[in-house]
Each structure stands twice: as C-alpha cells, then as structure tokens.
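Here it is, the structure, as structure tokens.
The values are calculated or read from the model by the stated rules, or taken from the named source; none is laboratory data. All figures in this text were calculated on a predicted structure; none of them were measured in a lab. Methodologically, a virtual Cβ is constructed for each residue, glycine included, from the backbone with ideal geometry; neighbour enumeration extends over all protein chains shown. SASA here: full protein model, heavy atoms, side chains in, ligands and nucleic acids out. Shrake-Rupley method; radii C 1.70, N 1.55, O 1.52, S 1.80 Å.
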Amino acid sequence: MSALLLKKQADYLVHDSYTVETEDHEDHTFNGVMFDVEVLDRRPVQALVVDSIHVRGGLGQMSVWCVEGGRRGVEEKPAAWTRHFSRHVEASWRDFTSLKLEPPLILLPGKTYGLYVHSADQGDDGVVYDNQRDEICHEDDYIRVFPGLAHLSPDPFGADGPWWGSPWRRRRAFVGKLSYGARYVLWRPVPAAHTRFDPTFRRGVVAAFYALTMGWGGLPTDCVLYILHLARYDWFEPPESDTQETLPPPPPSPATAHRLLASQQQRYANDYSRFDNIRDSDDSSDSSDDDFHLATMT
C-alpha cells in the first residue's frame with residue numbers, strides 16, 4: 001500500500017491580498033526611514049512573503065534593506081543588512097510608488113526584522129515620513145510595525161548629517177504600505193502541526209475523527225485526512241450570523257474520545273491501519289515528536 005504524503009507547509013501563497021498601510025500626516029521628508037516589524041504567531045503561518053514596499057516623496061535613487069533581529073545596534077553597519085531593491089524611481093508626491101523587492105522578504109513568525117528605505121538623492125525631500133504618535137504604528141493578525149528613525153544622509157547608513165550631530169532622528173514613523181502574502185502551515189496528524197491551529201479548528205478535527213470511530217459510512221480515512229490537510233485555518237469557524245444557540249453541540253472530551261477509539265479500534269482495524277502509512281513528504285524517518293493520539297487533539 002502506498003503511503004499518504006502530507007506536506008508540512010503550502011508550496012504556494014494564498015491569493016488573499018494583505019496590505020499594511022500606516023497613517024500619513026505628511027510631517028516630514030528626508031533621505032530615509034528605518035523601522036522594525038514583528039511577525040506575529042496568531043495564525044498558523046510558515047512565513048510572510050513581502051513582495052513590495054510603497055512610499056512617496058521626491059524619491060530618486062532608492063534602495064530597500066532588511067536585517068533579521070531588528071535595527072538596533074546595526075543602524076550604521078551595512079554589512080549586516082541585505083539589499084532587496086536598488087533603482088532610480090520618479091518622484092511621486094501624491095500617490096504611493098511600489099518598490100518591487102527582489103528577492104522578496106521571507107519573514108518568519110515570532111521574529112523581528114529591521115527595514116530601511118533610503119533615497120540617495122541630495123536634498124531633503126526623498127521620502128515622506130511622520131512623527132511617532134504611538135508605540136505601535138500598525139498591527140493586524142500577521143504583523144506589527146514599530147516606530148523607528150529618520151535618516152538625514154544621502155549615503156546609505158551614513159554617519160554624517162547635513163549639519164552637526166547625528167544624522168538620525170528618533171521617534172519617527174514609516175509612511176507607506178507593505179504588501180505581503182502568507183504561506184500557511186498545513187494540518188498534519190502530528191502535535192507540532194496540530195497545535196499551531198486554534199481550538200475551533202482542533203475541535204473540528206476531533207469531530208471528524210469521532211465520526212470515523214463511530215462507524216461513519218462516508219469517505220475513507222485517507223480522504224478525510226487529506227481534506228483536513230488542505231483546509232484553511234478558519235475552515236471550521238461559523239459564519240458571523242450564527243449564534244451560540246444555533247451551533248452544533250461540542251465534541252466529546254479527550255478522555256471520552258480516547259475510550260471511544262479504544263472500543264472501536266478492533267472493529268475498524270483495517271481502516272485504522274492506514275495511519276501506519278502516513279509520512280511527511282519531506283521526512284525520511286519517524287521521530288518521537290510525531291506520535292499522535294486522538295486524546296491529544298484538543
């Protein structure tokens with residue numbers, strides 16, 4: 001019997017378009033702005049892929065840089081950064097101009113990254129930015145944007161300002177947009193993947209396996225596994241119009257589900273033997289972390 005191959009993560013980007021758009025008070029312009037973003041772990045994502053940054057101003061010779069771990073301590077250390085954009089861009093004072101990143105930024109959940117947008121043109125009108133008004137400039141289910149620094153030098157990471165003192169101005173905020181997609185973790189019957197999903201999804205998985213233990217005469221086990229494998233993280237969330245009174249009763253407790261599984265295991269031995277053939281498509285061996293039982297599915 002051939003093994004059922006389940007991937008750890010999606011090999012495609014979701015086609016839902018996510019855009020971070022910060023407030024725009026048109027406070028300042030100068031050569032650049034440097035700030036941190038944090039990738040949140042609220043959704044089961046493998047990575048966020050940022051493909052473009054949108055800014056406005058006098059622009060000119062533009063560059064975009066990224067560093068893992070955040071900007072602090074490396075503001076003037078270009079060797080620590082990776083450049084993702086370098087091109088001359090026409091001025092755009094009213095509308096945001098898209099800077100297409102090559103390669104795109106791959107941002108991992110739970111980590112912080114420093115971003116630096118810079119104009120090398122002489123003068124003080126390269127990039128529009130704002131004064132800091134809050135401790136967080138933007139936050140959604142995937143990403144958090146922090147205030148940062150304005151840069152007053154036409155040299156990327158330059159230490160010399162146009163006048164005396166430091167070329168960096170603190171308590172400034174990025175003005176613009178970040179466009180990104182999410183590469184999701186795919187559900188698999190192993191704790192490392194199962195626990196990345198919220199309680200609603202996990203209860204849906206329990207309900208599916210509970211139906212199998214009760215002799216549900218529907219789809220084969222392999223098909224149910226594959227449907228769960230490809231289901232979106234919010235597949236089991238009820239419509240907003242549903243109330244608690246219209247929802248189906250909750251699934252049994254883990255202990256009850258475990259007893260049901262034990263009582264039915266002999267009867268459906270042939271069906272459950274398929275679990276022995278489940279392997280990750282990119283795993284060559286088993287590990288103790290992959291041991292999974294119905295009682296752990298909550």
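Evaluate region 242-258: report whether one residue or more is in a helix (DSSP H, G or I), farther than 30 Å from Arg56 by Cα, modelled with pLDDT under 85 and touching a Gly at 6+ places or on another chain (Cβ under 8 Å). Spell out the reasoning first.
Taking region 242-258 and keeping what is in a helix (DSSP H, G or I), we get 244-246, 254-258.
So of that shortlist, the ones also farther than 30 Å from Arg56 by Cα come out as 244-246, 254-258.
Checking which are modelled with pLDDT under 85 leaves us with 244-246, 254-258.
Narrowing further to those that are touching a Gly at 6+ places or on another chain (Cβ under 8 Å): none.
Scanning region 242-258, I find no residue that is in a helix (DSSP H, G or I), farther than 30 Å from Arg56 by Cα, modelled with pLDDT under 85 and touching a Gly at 6+ places or on another chain (Cβ under 8 Å), so the answer is no.
Within region 161-198, how many residues turn out to be modelled with pLDDT under 90 and over 27 Å from Ala231 (Cβ atoms)?
Looking only at that region, the number is 5.
Residue by residue, here is whether (1) at pLDDT 90 or above; (2) crowded, with 21+ Cβ neighbours inside 10 Å; (3) closer than 24 Å to Val67 by Cα holds:
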residue	(1), (2), (3)
Ala3	no, no, no
Lys8	no, no, no
Leu13	no, no, yes
Asp16	no, no, no
Phe30	yes, yes, yes
Leu40	yes, no, yes
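Sticking with this structure for a sec: Name the strands (runs of 3 or more DSSP E) wholly within region 96-167 that hold at least 1 residues that are farther than 16 Å from Glu75 by Cβ, open to solvent by less than 10 Å² (accessible area, probe 1.4 Å) and touching a His at 6+ places or on another chain (Cβ under 7 Å)?
On the way: elements: 112-119, 127-131, 143-151.
Passing ranges, in order: 127-131, 143-151.
Moving to a separate point now. What pairs can you find where one residue is in region 178-191 and part of a strand (DSSP E or B), the other is of a type in the set (Asp, Glu) and open to solvent by 10 Å² or more (accessible area, probe 1.4 Å), and their Cβ atoms are less than 7 Å apart, with a gap of 6+ or different chains?
From region 178-191, the pairs are Ser179/Asp51; Tyr180/Asp51.
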